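Following: one structure in structure tokens, then a few remarks.
The values are calculated or read from the model by the stated rules, or taken from the named source; none is laboratory data. It should be emphasised that the depicted structure is a prediction, and the values quoted were computed from it without experimental measurement. Here the Cβ positions follow ideal geometry from the backbone for every residue, glycine too, while neighbour counts run over all protein chains shown. All accessible areas refer to the heavy atoms of the entire protein, side chains included, with ligands and DNA or RNA removed. Shrake-Rupley method; radii C 1.70, N 1.55, O 1.52, S 1.80 Å.
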Amino acid sequence: MIKYNNTSHLIHNNNFMTSKNFLCGFILSIFCFSLSGNQVPAQTATTDSLPKVLKVGLAGSEPFVFDNADSEGIAVEIWDEVADEKGWDFNYVSFTSVNKGLEAVKKGEVDLMVGPISITSQRARHYRFSQPYYQSSLAIASRVEDAGLWSRIKPFFSMQLLIAVGIFVFILSIVGTLFWLAERHHSPEQFPADPAKGIGNGMWLAIVTMSTTGYGDMAPITLRGRIIAGVWMVVTIIFATSMVAGIASTLTLSGLGSSTVSNIEELSGKKTATITGSPAVSFIKEHKSKPVMVESLQEAIKLLHDKKVDAVIYDRPQLLYFQKNGPEDEIFIAKAEYYKQGYGVAFPLDSEMVNEVNLGLLELAEKQRVIEIVDKYLGKDE
């Protein structure tokens, strides 16, 4: 009986272990199946959740977006190639400004926004952005004014020139005094004992020597006087050459005309036009200029041309494109660049398309297509 009970107990334990292993295996199988089942939608969520036809907001200025042309512009061509590679169908919805387009993105009226959209920290709080497809910056554009009579002679009345003339007269007086001290006892006819007349004659000799005129009315006769004259000749050869070159350069530049604003320091207190919502607005205020808001670059340039503003500050590529294709010599664009920022595609915060668009942009960049598209509109950066 005891043996029978032990055997029965052993069989019971084996059956229990078999059932337990089977149950654990069954639960593990269900768990793995559930995981694999969840992975399939995750891979296709980006494409399956997209509408059949995307609504793509479009706004901005040339050369990134052209009016009445859905197939022209840097931003348009880049997006077209990304969408074509992904097999996405879409329709453009045009807006009069980037800000209005971004509002439509926030309200869900469009699925994304394409154009010269600056990626800023303030915007990133309300939208998701793709990686930058173009690196931009702000630049100062100003009016080129014709050189009149006053603008030509104005440099000769500057404080810098007056200081230079004062220094030159002071040097002449020192050289004249040295001539007088060296020659007054041996050549009283040329250098009288009276300091005013003697030093005056010495300054005259210094001027004649410097200009290489050589009237012959005065000349040093002592060794000390000739040494002073020789040193002065050598010094003035360099000095006179530099002075003449500086005067010629000043005359040339004054004859070419001048710009209303050529650097950031000249912005203070002046009226500066820019596009509403542009990062240039805060830049203008920081430098104590008076911002004038407009809706388009053409309107800003018109205000500049009509002398209603002193400068226009906006994204550098748009200004360069306008200068290249607009009326000749109408605006001057300073070489300095400020507030470097990237342009990207804007999405709602919950958009699932950002990663796919980033992959598409990277592929275009690797194929050099982005550079080719930019060079097509702006020319090669030499």
Legend entry - From Val98, Val110, residue being modelled with pLDDT of 95 or more and not aromatic (Phe, Trp, Tyr): Val110
Legend entry - Positions within the range 283-330 being under 15 Å from the mean Cα position of the chain (by Cα) and either open to solvent by 80 Å² or more (accessible area, probe 1.4 Å) or of a type in the set (S, T, N, Q) (or both), in sequence order: Gln318
Inset, instruction - Please work out which one of (1) open to solvent by less than 60 Å² (accessible area, probe 1.4 Å); (2) modelled with pLDDT of 85 or more; (3) of a type in the set (Lys, Arg) is the condition Arg143 fails and give its number. - result: (2)
Legend entry - Any pair with Cβ under 7 angstrom, 6 or more apart, that starts in the range 193-210 at a residue that is under 13 Å from Ser173 (Cβ atoms) and open to solvent by less than 30 Å² (accessible area, probe 1.4 Å) and ends at one that is of a type outside the set (A, V, I, L, M) and outside any helix (DSSP H, G or I): Gly198/Arg184; Gly198/Phe191; Gly198/Pro192; Gly202/Phe191
Inset, instruction - Starting from residues that are open to solvent by 80 Å² or more (accessible area, probe 1.4 Å) and out of contact with any helix residue (DSSP H, G or I) (no Cβ under 9 Å at 6 or more places or on another chain), keep the ones in the range 73-93 and report whichever is nearest to Leu361 (Cα to Cα). - result: Asp84
Inset, instruction - For Thr96, work out the one condition from (1) part of a loop (DSSP other than H, G, I, E, B); (2) under 21 Å from Leu361 (Cα atoms); (3) open to solvent by 80 Å² or more (accessible area, probe 1.4 Å) it doesn't fulfil. - result: (2)
Legend entry - Verdict on Leu349 being part of a helix (DSSP H, G or I) and among the hydrophobic types (A, V, I, L, M, F, W, C): no
Inset, instruction - Within the range 263-277, track down each residue that is among the β-branched types (Val, Ile, Thr) and surrounded by fewer than 16 Cβ atoms within 10 Å (Cβ to Cβ). - result: Thr276
Inset, instruction - Scan the range 264-271 and give yes if some residue there is within 18 Å of the chain's Cα centre (by Cα), at pLDDT 80 or above, closer than 17 Å to Ala139 by Cα and of a type in the set (S, T, N, Q), otherwise no. - result: no
Legend entry - Tally, over the range 148-186, of residues that are at pLDDT below 90 and open to solvent by less than 30 Å² (accessible area, probe 1.4 Å): 1
Legend entry - Filter result for Glu85 (farther than 23 Å from Pro317 by Cβ, in a helix (DSSP H, G or I), in contact with an Asp or Glu (Cβ under 8 Å, 6 or more places away or on another chain) and not basic (Lys, Arg)): yes
Legend entry - Residue list for the range 212-226, filter: loosely packed, with under 11 Cβ neighbours inside 10 Å and part of a helix (DSSP H, G or I): Leu223
